[in-house]
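This report refers to the structure that appears directly beneath it.
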Amino acid sequence: MMPCIHLPLTRIMRALTVAAAGLAMTVFGDGLSPATATPALVVDLDNQNILYEEDAGRPWFPASTTKLMTALVTYKALQTGEVDLDTPVILSRRATSQSFANSGLKAGQAMTLWDALHAVLVGSANDVAVALAETVAGTEEEFVTRMNEEAKKLGLSASHFANPNGLANPDQQVTARDLAILGRELYKNHPDFHPIYRTSRVVIDTKAIESFNILLTEYPGTLGLKTGFLCSSGRNLVALAEKDDRRILVVLLGATTGRERSERAAKLFTEAFDGTLKPTGQRVADLQNDLAAEPPDMRMKLCSDQTAAYETRQEALYPMGLPGQKSYLSPPISPVTHTINTWKMPGDYDVPVPTTKPALASVKQYVAANAEGWNGVRPPRKPVIGAAAPGGAAPGPTL
């Protein structure tokens, strides 16, 4: 087994990588082979057989697929009783200062941890991800330490996390291989949270936030899991779909447009289910990560005056769904919606540290008690007036 390297890499390794990247750019112009897509991996979830693989061990910036590790660390804290699903997650000033925080929440607003998981995994709320980290571990830094500890336990040898929401950081990276292992861990070993992944819209108070994973509404059988986008990463996806009692996991990194990402994933799902893609003889754990490489920066291709030309080239590679071309998606169905009601905590919150509560007997017990059926829709919940809250304060009325 190859040793786990704790990133960031040494200056010498960085220099060697930069030199190699420069040589590649002189040959191909952008560091990527013209015949090569960005990393892709298709796995039979139940037996871990690889059905398709392309650059699956190449480091990449994760963007919001980072939030899958945030979820795993939170699940572990629930198991140990550090928090429970009713623990208030309070937005600190640090949380509300996050970039692209489109939730509309302000410092001092709170929601239950159950709702926060929906806000993070469905609405991809960067501010709530930080608030969740602070609630679980006391500080964002301690939570990130836990993220990297979990990565090491799972054998994610090329992955390193620097924040809980996936915002740009040069020291945060994953590979398609590592994300496949993480996705399988979440789905196989934490089944009580499946309804969250199937949810495709959250309404925080009155603000609706749609999931960017349109497979949830346009590819029948999709079960989750998470999308991500940064200029530096392109459009990433860890997706899971089920048909005829088979579960297929697809990881795509660096797609150019939302159409490309969704259509490529749908095509790979279709070919996996119909038998076009066959086992390669490898399993996920057999794949080797490239520990000497660093993630390419896709910024100039996706967020500059070079973008139009790059998109044109990618459209030639992946024309699915363009006018006159076959689409692998279906007409959209109604989204599964989860409603979140927040309340205002009195006081001036910086970093909230919750009081420890015993865990419920199971998450499934909680879902059964609080959800309307098994569709991820939970009735609005109001805090109990006068109930104990972090710092001894009592929650106010629902906003």
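The values are calculated or read from the model by the stated rules, or taken from the named source; none is laboratory data. Predicted, not measured: the structure shown is a model, and the values here were computed from it. Cβ coordinates were reconstructed from backbone atoms using ideal geometry, including for glycine residues, and neighbour counts include every protein chain displayed. Just the protein is used for accessible areas: all its heavy atoms, side chains included, with ligands, DNA and RNA removed. Shrake-Rupley method; radii C 1.70, N 1.55, O 1.52, S 1.80 Å.
With Gly221, Gly258, Gly275 as the choices, which residue is at pLDDT 95 or above, exposed (fewer than 15 other Cβ atoms within 10 Å of the Cβ) and either touching a Ser or Thr at 6+ places or on another chain (Cβ under 9 Å) or not aliphatic (A, V, I, L, M) (or both)?
Of Gly221, Gly258, Gly275, the one residue that is at pLDDT 95 or above, exposed (fewer than 15 other Cβ atoms within 10 Å of the Cβ) and either touching a Ser or Thr at 6+ places or on another chain (Cβ under 9 Å) or not aliphatic (A, V, I, L, M) (or both) is Gly275.
Taking segment 87-126, which residues are small (Gly, Ala, Ser) and closer than 18 Å to Tyr197 by Cβ?
Ala116, Ala119, Gly123, Ser124, Ala125
Can you name every residue in segment 168-180 that is in contact with a Leu (Cβ under 8 Å, 6 or more places away or on another chain) and either open to solvent by 30 Å² or more (accessible area, probe 1.4 Å) or at pLDDT below 95 (or both)?
Ala168, Asp171
Which one of the conditions (1) touching a strand residue (DSSP E or B) at 6+ places or on another chain (Cβ under 9 Å); (2) assigned to a loop (DSSP other than H, G, I, E, B); (3) modelled with pLDDT of 95 or more; (4) under 26 Å from Lys76 (Cβ atoms) does His338 fail to meet, given that it meets all the rest?
The single condition His338 does not satisfy is (2).
Step by step: first the residues of segment 289-327, then only those that are of a type in the set (S, T, N, Q) and more than 22 Å from the chain's Cα centre (by Cα), then the one that is farthest from Arg235 (Cα to Cα). Which residue is that?
Among residues in segment 289-327 that are of a type in the set (S, T, N, Q) and more than 22 Å from the chain's Cα centre (by Cα), the one farthest from Arg235 (Cα to Cα) is Gln325.
Could you please let me know if Val202 is within 22 Å of Leu230 (Cβ to Cβ) and either part of a helix (DSSP H, G or I) or of a type in the set (Asp, Glu) (or both)?
No.
When only residues in segment 186-218 that are among the aliphatic types (A, V, I, L, M) and in contact with a Lys or Arg (Cβ under 8 Å, 6 or more places away or on another chain) count, which is surrounded by the fewest Cβ atoms within 10 Å (Cβ to Cβ)?
Filtering first and then ranking leaves Ala208.
Among the residues of segment 70-111, which ones are open to solvent by less than 10 Å² (accessible area, probe 1.4 Å) and among the β-branched types (Val, Ile, Thr)?
Thr70, Val73, Thr74, Val83, Thr87, Val89, Ile90
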